[in-house]
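The values are calculated or read from the model by the stated rules, or taken from the named source; none is laboratory data. Keep in mind the model is a prediction, meaning the values are calculated, not measured. Counting neighbours? That spans all protein chains shown, and the Cβs are built from the backbone with ideal geometry, glycine included. Note: areas computed on protein heavy atoms with side chains; ligands, DNA, RNA excluded. Shrake-Rupley method; radii C 1.70, N 1.55, O 1.52, S 1.80 Å.
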Amino acid sequence: MATATLGNVEALSFLKARSEVLARVRAARITPQVEILPLEQAGGRVLAEPAFADRDYPPEPRSMRDGFAVRAADLPGTFTIVGEVRAGQPVNCRVEPGEAVEIMTGASVPDGADTVVMIEHVTVNGDQVEIPKALEMGANVNPQGRDAMAGALILNPGTRLGYAEIALLASIGQAEVSVYKRPRVAILATGDELVELEAEPEPHQIRNSNSWSLAAQVMRAGGEAVILPVAADELETTKSLIAEGLECDLLLLSGGVSAGKYDLVETALQSFGAQMHFDRVLIQPGQPCVFGQARGTFFFGLPGNPASTMVCFEIFARAALELLGGIVEPALAVTGARLKAPFRQKTGLTRFLPARLDAEGLLTPVGWSGSGDIAALTRANVYLVSDPEKPEYAAGEWIGVMAR
Ligand code: AMP
Ligand code: MG
């Protein structure tokens, strides 16, 4: 029988481990199923088909300002007002040399005119308008087809539909949209000390919170959470729940992946012929994080400490889930901020520590008792992300920041 492989696979740096996740899941070429939704329900989902412009955008040259449509070549000067175009009205006039047409934002620019002068920059006297300054040809006019030509690809499949994408689909008249089905993500917490939420824990027990934080993270990442019953630290129970979990599109286990005597998750996974892609990453919290594949399903063995589970999900499992959900390029939003006070660390690990970004944009780590301190995480609004090779940061120095 295969044995646990803890420590047998080379420990990877954070970025190498993340690349490994992306490469393995991409290589599996798993195509999610598709469903059709009314546009109002498609926000946050992933587009499953390309979207094309149904006509030129704009379909006619459009004024971007309220003002007067003229020929740039005639500027500056005094012009005769020969008509008016409102937004939503077909154009019924044209502009000859020395003439101007009053025009509103969103209205089509009449033939003959090439430029719009803002109402704020002119003086009107009866049917005359005085324009004191020259303007570049085309100013304040959005030419026909400038935003998109008819037939142009405007959204690629694999795009998450945020509000701008929804607006674009609405503008091309797509009342219904093909999106990928949400991946089903099994969540399996392990640990003899765990009881379910309804239970009154004994002093030596705790309630299972990881299944719930993971379910919230899964939902936010576009998956559908399937919470399995807690597995005791016992091989047969763990195996039968893993078998159930492997039926889903992705399996997340929490706990049981460290070096303890009753950490049986890897052994249980091996009995399914699991391929372990990594089982240790140079990060803190979350060092014993496991990633692999069994029966064609990817799984993560997330270390059970609540912060470890949360961080490993955000930096590794979310990428896998997004790829399985059809997202083409899962992003990791790590940016930078200045430290409010000096920061020191032991080198060797990329740290993801709960921290607060204040109103001035300065970053302060939140005091915590370690990766079991859930309350400290709720006081953080971001994670500080350290460079594993840098032992000291001065106050005011830039350091990595990741959204929480
Ligand atoms: P483990 O990774 O199994 O060694 O667990 C590490 C720590 O996380 C222990 O203190 C566990 O009690 C705690 N822990 C494990 N699973 C959970 C869970 N589902 N909810 C809350 N805490 C947990
Ligand atoms: Mg445990």
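Here are some notes:
- In the chain, the portion of solvent-accessible area held by carbon and sulfur atoms comes to 52 percent [1.4 Å probe, whole percent, DNA, RNA and ligands not counted].
- Amide H contacts of residue 54: 151, each under 5 Å away and 5 or more positions distant or on a separate chain (H built 1.01 Å from N in the peptide plane; Pro and chain starts excluded).
- When each of 16/239; 239/261; 16/181; 16/261 is checked by Cα-Cα distance, pairs over 23 Å: 16/239; 16/181; 16/261
- Normalised by 2.2 N^0.38 Å, where N counts its residues, the alpha-carbon radius of gyration of region 76-197 equals 1.91.
- Length-normalised contact order of the chain in % [C-alpha pairs under 8 Å, at least 6 apart]: 17
- Among the trypsin sites (Lys or Arg not before Pro) in region 218-303, those located in a DSSP loop and surrounded by at most 16 other Cβ atoms within 10 Å of their own Cβ are 261, 295.
- Looking at region 100-152, the GluC sites (Glu not before Pro) that sit in a DSSP loop and have at most 13 other Cβ atoms within 10 Å of their own Cβ are 136.
- Angle of helix 14-27 to the longest C-alpha principal axis of the chain, folded into 0 to 90 degrees and rounded to 10: 80°.
- Taking the empirical scaling 2.2 N^0.38 Å for compact globular proteins as reference, region 62-142 has a Cα radius of gyration ratio of 0.92.
- For the chain, the orientation-averaged shadow of the C-alpha convex hull comes to 26.6 nm² (one quarter of the hull surface).
- Residues whose placed amide H lies under 5 Å from that of residue 139, excluding near-sequence neighbours: 116
- For the chain, calculated [θ]222 nm from helices alone, where every DSSP H run of n ≥ 4 adds -39500 (n - 2.57): -5000 deg cm²/dmol
- Count Lys and Arg as plus one, Asp and Glu as minus one, and take only other residues whose Cβ is under 12 Å from that of residue 145; the net charge is then 0.
- The residues of the chain expose, per residue, 48 Å² of accessible area to a 1.4 Å probe.
- Geometric extent, Cα atoms of region 334-403 - Rg, Dmax (angstrom): 11.2, 31
- Nearest-ten-degree value, helix 210-220 long axis tilted from longest Cα axis of the chain: 20
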